[in-house]
Amino acid sequence: MKKTEVPLENNSTLNGQKKVMYAVSEKGEFSRVNYGSSVEEFATITAVEEYQNLQEECLEEIKQNIASPIKYFMYKNRMDISTLSSVVGMFSFRVKRHLQMKYFKNLNDKIVQKYANAFGVNIEEIKEFTHVK
Amino acid sequence: MLNNFEHSQFAHCESGVVSTLLTHYGLKMSEPMAFGITSTLSFAFLPIIKLNNMPLIAYRALPKNIVRNIEKVLGVKIFKKQYKDILEANLELTRLVEAENKLVGLQTSVFYLPYMPPNMRFHFNAHNLLVYGKKGKNYKISDPVFEEVVECNEKDLTRARFAKGVFAPKGFLYYPMNIPSSLDYVSILKKAIRKNAKSMLTPFPFAGIKGMRRLAKSIEKLQNNKDARYVKNYLTHIVRMQEEIGTGGGGFRFLYAAFLQEAKTYDLDKDKLQKASELITQSGDTLRLFALKCVESAKKLEKLNAKEISEILIKASTLEEEAFKMLKSI
């Protein structure tokens, strides 16, 4: 990219930081320049919002006794099933089950504790989950 | 602790860290050089591997490629260690930076680093940073994608070093031990460039030029996809993989173009290098345009023209094909 074409837009996701790219001068030499891109900003915000949407949807499912609080915390921590299963050290089919209320109700404290550690919360916050907005 | 350490900001974490480490231990090396000499430019599109329900798209070789290959390519000896014991990992890091005044590189997750802006925290485990000292319970950190040095407490840094999941770092720590006194750059560069050309021109359909075209095809299919949420997420996912994870896919192209430019100072075919450097810069610009179009379409899905977007990506692949065909015989 030519130095004169480097985008200098605002990117709120970086909290005031600017990233760096290599741009080429008129003499054909490369050097590092700071840039800001609203394209990147939009992509990041979309990903962040997707997790928020999943959380909202999950709260509905919890109300209807379909999904378990573990699912809510999973999305809150921006994880998917494979990430969560490697953090707690269980097979993903087991984790998948624990995301359902009917299996979650029968879980013993030892297993819930593993999830609590993964999410950095107290075990009570998962077991007595009530979401207050 | 190192008192004379000078932080600089780079385009990409791993090449930035390796470049700073080598320079600090006595072998001056720029970031583009560290990136190019290890043949790190790449492309991969693996729809079977899913990250958050989205296909894996990568614009450079696998994480740790630079740390691993720099040893072989330059003949430097690099101390590399992964840990089972969290306590030991922490003690050893403290000893290295406090008692031995060493500068060390670490692989970490992004999610657990408290100084990362909240919106940038995802479970990406292949971030690299430098530790240059410790004050009380806080490590002094030079994160190559930040403008200034930062600090991070022991607890959070340890958590980031032992994050689980894909590319789990397992406390990975590294620093150069000895640097060879003389290097034959001409033959090193020739080998590295040829190797990279070969990997970009591979017949394997999910990598290199062919991988780019495969991704272009999958974008075309989005036109008839009725699931608006999926299409929006897919398009922005491509952009995030390209521009955010590490540095831009466009960014990686500029980095490689800068490397080819720097290679011209050695006794190699200057015309070829110049031409290829220009072509790859163009490809980087094209990829930036591609990202822009993806985002524009994601904002207004009713105006999505998948064919147009996929053709931009194909154009970038054609530019790279031309460049690497030329470089193959350097």
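Tell me yes or no: at least one residue of the stretch B:242-253 is part of a helix (DSSP H, G or I), at pLDDT below 95 and touching a Lys or Arg at 6+ places or on another chain (Cβ under 6 Å).
Initial filter on the stretch B:242-253 (part of a helix (DSSP H, G or I)): B:242-243, B:249-253.
Remaining after also requiring at pLDDT below 95: B:242-243, B:249-253.
Subsequent filtering for residues that are touching a Lys or Arg at 6+ places or on another chain (Cβ under 6 Å) retains B:250, B:252.
Within the stretch B:242-253, one or more residues are part of a helix (DSSP H, G or I), at pLDDT below 95 and touching a Lys or Arg at 6+ places or on another chain (Cβ under 6 Å).
Given the criterion surrounded by fewer than 16 Cβ atoms within 10 Å (Cβ to Cβ) and not hydrophobic (A, V, I, L, M, F, W, C), identify the matching residue among A:72, A:51, A:103, A:115. Don't jump to the end; show me each part of the working.
On the way: A:72 fails: surrounded by fewer than 16 Cβ atoms within 10 Å (Cβ to Cβ); A:51 fails: surrounded by fewer than 16 Cβ atoms within 10 Å (Cβ to Cβ); A:115 fails: surrounded by fewer than 16 Cβ atoms within 10 Å (Cβ to Cβ).
Within the list A:72, A:51, A:103, A:115, the selection yields A:103.
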| note | Looking across the stretch B:309-330 at residues that are hydroxyl-bearing (Ser, Thr, Tyr) and in a helix (DSSP H, G or I), the single one that is nearest to residue B:208 (Cα to Cα) is B:317
| remark: Within the stretch A:7-32, restricting to residues that are surrounded by 18 or more Cβ atoms within 10 Å (Cβ to Cβ) and of a type in the set (A, V, I, L, M), the one that is nearest to residue B:297 (Cα to Cα) is A:14
| query | Any residue in the stretch B:135-143 that is at pLDDT 95 or above, small (Gly, Ala, Ser) and over 16 Å from the mean Cα position of the chain (by Cα)? | reply | yes
| note | Of the conditions (1) closer than 20 Å to residue B:174 by Cβ; (2) surrounded by fewer than 24 Cβ atoms within 10 Å (Cβ to Cβ), the single one that residue B:3 does not satisfy is (1)
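Which residue is farthest from residue B:237 (Cα to Cα), if the candidates are limited to the stretch A:1-20 and must be part of a helix (DSSP H, G or I) and facing chain B (nearest Cβ under 7 Å)? Walk me through it before giving the result.
Keep residues of the stretch A:1-20 that are part of a helix (DSSP H, G or I), which gives A:3-5, A:12-14.
Then keep just the ones that are facing chain B (nearest Cβ under 7 Å); that gives A:13-14.
Working: A:13: 16, A:14: 18 Å.
Checked the stretch A:1-20; the qualifying residue farthest from residue B:237 (Cα to Cα) is A:14.
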| Within the stretch B:154-165, can one find any residue that is closer than 29 Å to residue B:259 by Cβ, touching a residue at least 60 places away in the same chain (Cβ under 8 Å) and not hydroxyl-bearing (Ser, Thr, Tyr)? | no
| query | Pairs, please: C-beta under 6 Å, at least 6 apart or cross-chain, first residue within 13 Å of chain A (Cβ to nearest Cβ) and in the stretch B:32-60, second in a loop (DSSP other than H, G, I, E, B)? | reply | B:52/A:80
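When you scan the stretch B:154-165, do you find a residue that is crowded, with 22+ Cβ neighbours inside 10 Å and under 16 Å from the mean Cα position of the chain (by Cα), even just one?
Of the residues in the stretch B:154-165, the ones crowded, with 22+ Cβ neighbours inside 10 Å are B:157, B:160-161, B:163.
Filter once more, so that each one left must be under 16 Å from the mean Cα position of the chain (by Cα): none.
No, the stretch B:154-165 contains no residue that is crowded, with 22+ Cβ neighbours inside 10 Å and under 16 Å from the mean Cα position of the chain (by Cα).
Kindly provide the set of residues from the stretch A:21-38 that are in contact with a Pro (Cβ under 9 Å, 6 or more places away or on another chain) and not in a loop (DSSP other than H, G, I, E, B), ordered by number. Write out each step before concluding.
If we filter the stretch A:21-38 for residues that are in contact with a Pro (Cβ under 9 Å, 6 or more places away or on another chain), which is where we start, we get A:22, A:30, A:35-38.
Result: A:22, A:30, A:35, A:36, A:38.
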| request: Output the residues belonging to the stretch A:69-106 that are over 22 Å from residue A:128 (Cβ atoms), more than 10 Å from chain B (Cβ to nearest Cβ) and touching a residue at least 24 places away in the same chain (Cβ under 8 Å). | output: A:90
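One line per residue, one yes/no per condition, for (1) surrounded by 18 or more Cβ atoms within 10 Å (Cβ to Cβ); (2) of a type in the set (Phe, Trp, Tyr):
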residue: B:127; (1), (2): yes, no
residue: B:133; (1), (2): yes, no
residue: B:136; (1), (2): no, no
residue: B:139; (1), (2): yes, yes
residue: B:152; (1), (2): yes, no
residue: B:173; (1), (2): yes, no
residue: B:189; (1), (2): yes, no
residue: B:195; (1), (2): no, no
| remark: Taking the stretch B:197-215 and keeping residues farther than 30 Å from residue B:79 by Cα and either exposed (fewer than 14 other Cβ atoms within 10 Å of the Cβ) or basic (Lys, Arg) (or both) leaves B:203, B:204, B:205, B:210, B:213, B:214
| said: So if I check each of B:72, B:64, B:134, which one is at negative phi, charged (D, E, K, R), in contact (Cβ under 8 Å) with a residue 40 or more places away in the chain and more than 14 Å from every other protein chain (Cβ to nearest Cβ)? | reply: B:134
| Are there any pairs with C-beta distances below 8 angstrom linking a residue in the stretch B:254-280 that is among the acidic types (Asp, Glu) to a residue that is part of a helix (DSSP H, G or I), with the two at least 6 apart or on different chains, and if so which? | B:262/B:32; B:262/B:33; B:262/B:36; B:267/B:186; B:278/B:257
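The values are calculated or read from the model by the stated rules, or taken from the named source; none is laboratory data. Every value quoted in this text rests on a predicted model; they were computed, and no experiment measured them. Please note: Cβ atoms are built from the backbone with ideal geometry, for glycine as well, and neighbour counts cover all protein chains shown.
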